[in-house]
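The values are calculated or read from the model by the stated rules, or taken from the named source; none is laboratory data. Not measured: the values here are computed from a predicted model. Every residue, glycine as well, gets a Cβ built from its backbone with ideal geometry; the counts of neighbours run over all protein chains shown. To get the accessible areas, we keep the full protein, side chains included, count just its heavy atoms, and leave off ligands, DNA and RNA. Shrake-Rupley method; radii C 1.70, N 1.55, O 1.52, S 1.80 Å.
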Amino acid sequence: MRPAFAACLAVLLAPPADGGAWLEKPGQGFAAASASYRQTASGEQHELNYYGAYGITPKLTLGVDLNQSGDLSGHALIFARMPLYEGARYRLAAEAAFGGNHDRGLWMMMQKATLSYGRGFDTGTISGWLAIDAAYELRNSGLATVWKLDATLGLNRPGKPAPMLQIETSKPDGGVFSYTLTPSLRYPLRTGRELVVGVEHRSAGAGSLGLKLGLWQKF
């Protein structure tokens with residue numbers, strides 16, 4: 001393989017830090033913790049998230065997904081991600097997650113299935129990635145279902161702050177469609193870490209603006 005083509009291919013297939021259609025390499029992993037805060041008409045709201053993934057084999061990544069939204073709701077899931085297609089310009093992966101969710105402290109079973117699309121790009125001036133995740137959640141021991149479609153667009157700027165835009169949408173069966181927009185900057189730190197600072201806008205309820213802080217770690 002010619003060096004120029006190999007370098008281009010490495011950029012196009014370089015995994016973003018937050019997973020999606022990309023699997024972790026065997027023996028390597030990624031962890032992300034984030035906290036968001038917003039002021040609404042009904043009072044202060046905060047949310048905590050933790051995501052961790054670890055490569056078991058070239059075709060299997062295992063991980064955990066934890067969420068707590070104030071004292072009202074949250075979930076705890078373990079997941080397995082496997083590749084469906086790995087091409088020169090894009091890839092597909094499937095993920096199955098199992099665990100539980102709670103509403104005001106009452107825990108029930110939860111399952112989640114996700115189909116992920118990932119694509120790297122390099123225009124010669126800028127490079128980055130696009131990740132799209134379509135998920136179906138079965139909550140409350142099968143009594144509630146939620147469809148989700150999320151997208152992340154990020155740019156690569158090694159050693160410099162890099163912009164990222166996340167769009168998250170949610171539609172419960174029989175419920176109201178909602179979305180969250182989060183433009184962020186990723187600040188590189190030492191030892192493979194990144195600090196993520198974003199402004200989060202949510203359409204749910206009366207709508208609100210919030211501050212989101214995150215820490216990413218590769219290991």
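Remarks
- Only protein atoms count toward the accessible area here, which uses a 1.4 Å probe; on region 64-219, the carbon and sulfur part of that area reaches 64 percent.
- Region 143-183, relative contact order in percent, only Cα pairs under 8 angstrom and at least six apart counted: 39 percent
- Between 0 and 90°, nearest 10: helix 3-13 axis offset from the chain longest Cα axis: 0 degrees
- Relative contact order of the chain, defined on C-alpha pairs under 8 angstrom at six or more residues apart (%): 16 percent
- For region 124-132, backbone phi angles converted through the Karplus equation (6.51, -1.76, 1.60; θ = phi - 60°) give residue-by-residue couplings of x, 9, 10, 9, x, 8, 10, 10, 10 Hz, Gly and Pro being listed as x.
- Along the axis of the charge dipole computed for the chain (Cβ charges of +1 for Lys and Arg, -1 for Asp and Glu, origin at the Cα centre), the listed residues GLY43, SER141, HIS201 are led at the positive end by HIS201.
- Phi angles of region 55-68 translate, via the Karplus equation with coefficients 6.51, -1.76, 1.60 and θ = phi - 60°, into HN-Hα couplings of x, 8, 9, x, 10, 8, 10, 10, x, 10, 9, 10, 8, 9 Hz per residue; Gly and Pro are given as x.
- Between LYS171 and ARG193, the simple label model (points 7 Å from Cα in the Cβ direction) yields a spacing of 4.1 nm.
- Short-range pairs are left out: with C-alpha atoms under 8 Å and at least six residues apart, the relative contact order of region 96-219 is 14 percent.
- For the chain, a simple Cβ point-charge model (Lys and Arg +1, Asp and Glu -1, everything else neutral) yields a dipole of about 680 debye relative to the Cα centre.
- Separation of the alpha carbons by more than 25 angstrom is noted, of LYS25/LYS212; LYS59/LYS112; LYS148/LYS218, for LYS25/LYS212; LYS148/LYS218.
- Ranking by accessible area, most exposed first, for GLU44, GLU86, GLU137 with a 1.4 Å probe: GLU44, GLU86, GLU137
- Point-charge dipole on Cβ atoms (K/R +1, D/E -1) for region 95-219, about Cα centre, debye to 20: 420 debye
- In the list [x] 47, 20, 14; [y] 35, 20, 15; [z] 30, 21, 16, the label attached to semi-axes √(5λ) of the Cα gyration tensor in Å as derived from the coordinates here is [z].
- The distance separating the Cα centre of region 188-218 from that of region 74-143 comes to 19 Å.
- Average accessible surface for region 118-178: 55 Å² per residue, computed with a 1.4 Å probe over protein heavy atoms with every protein chain in place.
- In order along region 180-185, the phi-based Karplus estimate (6.51 cos²θ - 1.76 cosθ + 1.60, θ = phi - 60°) of 3J(HN,Hα) comes to 9, 10, 9, x, 9, 10 Hz; Gly and Pro are listed as x.
- The charge dipole of region 143-188, taken about its Cα centre with unit charges on the Cβ of Lys, Arg, Asp and Glu (plus for the first two, minus for the last two), comes to roughly 280 debye.
- Additional length obtainable on full extension of the chain from ARG157 to HIS46, 0.36 nm per residue less Cα span: 36.9 nm
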